[in-house]
Amino acid sequence: MKIMHFLTALLVMAFIYGMVMERDAMLAFAGADTPPPEAEDSTTAPLGAVPVVTLHSVEREVQAGIVLRGTTQAARRIEMKAETSGRVVSRPLPSGTAVVEGQILCELDPGILEAQLAEARAQLADAEANSNVASRLAQSGFGAENSAISASAALESARARVLSVEQTLNQLKIRAPFSGVLENDSAELGSLLQPGSPCATILALETIKMVGYVPEVEMVNLAVGQRAGGRLLSGRQVLGEVTFIARSADPLTRTFRLEVTVDNSDLSILDGQTAEIGIAYAGKKAHLLPQHVLTLNDEGSLGVRVNIDNIARFVPVVIVRDAPEGFWLSGLPPEAEVIITGQEYVTDGRAIKVTKQGGE
């Protein structure tokens, strides 16, 4: 019985030896085909080369851009204030009222100003008569020249007095400087306004501005006149044009104010709405590669490793934009053999054993 166990053990050991040490011979004896070797680079890899897998990548044109979070603002906004004191004698206009340029928003009680204007005009007429008489007498030699000069000065003073009262009377009627919509009710009937007291606030909404703030690194890609789009929280999309880019950065955020002007003839876009602003750049050439191919060199630069004559080389890259399949990267030559497997095991200048994967 023990002899049988011993013989069985010898047979098992012989079988294991044959499968491990003489595998090819046994498979040939059994009639099995040897599987073909994996497709490798035609160039013979040097001894000690690290096996890697590469992808043949060809650059393509890709649209780049920037998306900013911003708000809408009225193209023009002004708070009309009183320039003189007086009690409001006009009925208030409710908020939301459409007003036209020159329309009276608030009218103040003239008080005694009209009487002062009549008095000033009478004094002007008297000064004109005195000046004419003094001037004729001086020219004929019957009057002193200084009397004519004094009469002329009194005439100019009377004219200034009339202009002053007329100007004050004009300030009693506060008019809209442009067509727009009242943001709030105008001043209430009977309220007393002092110089600087608010009468009404007007918004011009025929055109609207979308305002956002641009990071410093993106400024080189932007210019006035570029086409831009916007999307409101409601989902509505609008098109406009970049009309302003600040030349001075915000001291706290180090960002630059940008304005996109959008047509709003139907007044459907309101002041202060949240908006996403999208601006497309000119098309760039880039490679679309999986995210995991990105690596860092010893200096901390971002890049990928490529195959050049069976030698691993590090190439710095710049991320143009992201995509569901990975990243669009610039900085590579138009065509490149990018190492997609094994790049973490090689260093710059290391010999590699290449297996190619189908790609572009």
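Here, each number is a calculation from the coordinates, and none is a lab measurement. This one's a predicted model, so the numbers in the text were calculated from it and none came from an experiment. Glycine also receives a Cβ, built like all others from the backbone with ideal geometry; neighbour counts cover every protein chain displayed.
Listed by chain and number, the lysines whose alpha-carbon sits under 16 Å from that of Lys81, ignoring those within fewer than 8 places in the same chain, are Lys173. Backbone phi angles across the range 255-262, fed through the Karplus curve with coefficients 6.51, -1.76 and 1.60 (θ = phi - 60°), yield HN-Hα couplings of 10, 10, 5, 10, 10, 10, 8, 10 Hz in residue order; Gly and Pro are listed as x.
Based only on other Cβ atoms within 10 Å, what is the fewest-to-most ordering of Val338, Val238? Could the numbers behind the result be given before it?
On the way: Val338 24, Val238 19.
Going from least to most buried by this count: Val238, Val338.
Could you name the lysines whose alpha carbon sits less than 29 Å from that of Lys356, not counting residues in the same chain fewer than 8 places away? Here the lysines satisfying the reach criterion relative to Lys356 are Lys284, Lys285. In the neighborhood of Leu124, defined by Cβ-to-Cβ distances under 14 Å, what is the net charge if each Lys or Arg adds +1 and each Asp or Glu adds -1? With Lys, Arg at +1 and Asp, Glu at -1, the net is -2.
What net charge is computed for the residues neighbouring Ala134, neighbours being all others with C-beta under 13 Å from the C-beta of Ala134, Lys and Arg scored +1, Asp and Glu -1? With Lys, Arg at +1 and Asp, Glu at -1, the net is -2. At q = 0.09 Å⁻¹ the log10 of I(q)/I(0) for the chain amounts to -0.83, computed by Debye summation with a single uniform scatterer per C-alpha, solvent ignored.
First select every other residue whose beta carbon is under 14 angstrom from the beta carbon of Leu296; then total the charges, Lys and Arg +1, Asp and Glu -1.
Values: positive: Arg305; negative: Asp298, Glu299, Glu344, Asp348.
Once positives and negatives cancel, what remains is -3.
Over the chain, with a Gaussian network built from C-alpha contacts below 10 Å, which listed residue (Thr347, Thr243, Thr71) shows the highest mean-square fluctuation? Looking only at Thr347, Thr243, Thr71, the largest GNM fluctuation is found for Thr347. Listed values for the range 317-333 are Karplus-derived 3J(HN,Hα) couplings in whole Hz (6.51 cos²θ - 1.76 cosθ + 1.60, θ = phi - 60°), namely 9, 10, 6, 7, 6, 9, 8, x, 7, x, 10, 8, 10, 10, x, 8, x, and x replaces Gly and Pro.
For the chain, the longest principal axis of the alpha carbon atoms and the long axis of helix 2-21 meet at an angle near 50°.
In which sequence would Met210, Met80, Met219 go, from the one with the fewest C-beta neighbours within 10 Å to the one with the most? Write out the running numbers ahead of the final one.
Values: Met210 27, Met80 19, Met219 16.
Placing the least packed residue first, the sequence is Met219, Met80, Met210.
Beyond 16 Å, what percent of the Cα pairs of the range 123-238 remain? When all Cα pairs of the range 123-238 are counted, 79 percent exceed 16 Å.
If each residue's Cβ is checked for other Cβ atoms within 10 Å, how do Lys173, Lys209, Lys353 rank with the fewest at the top? Walk me through the numbers on the way to the answer.
Numbers: Lys173 14, Lys209 22, Lys353 17.
Lowest count first: Lys173, Lys353, Lys209.
Inverting the pair-averaged 1/r between distinct Cα atoms of the range 110-171 gives 12.3 Å as its Kirkwood hydrodynamic radius.
Residue by residue, the range 280-292 carries 3J(HN,Hα) couplings of 8, 8, 5, x, 10, 8, 7, 9, 9, 10, x, 4, 6 Hz when phi is fed to the Karplus relation 6.51 cos²θ - 1.76 cosθ + 1.60 (θ = phi - 60°); x denotes Gly or Pro.
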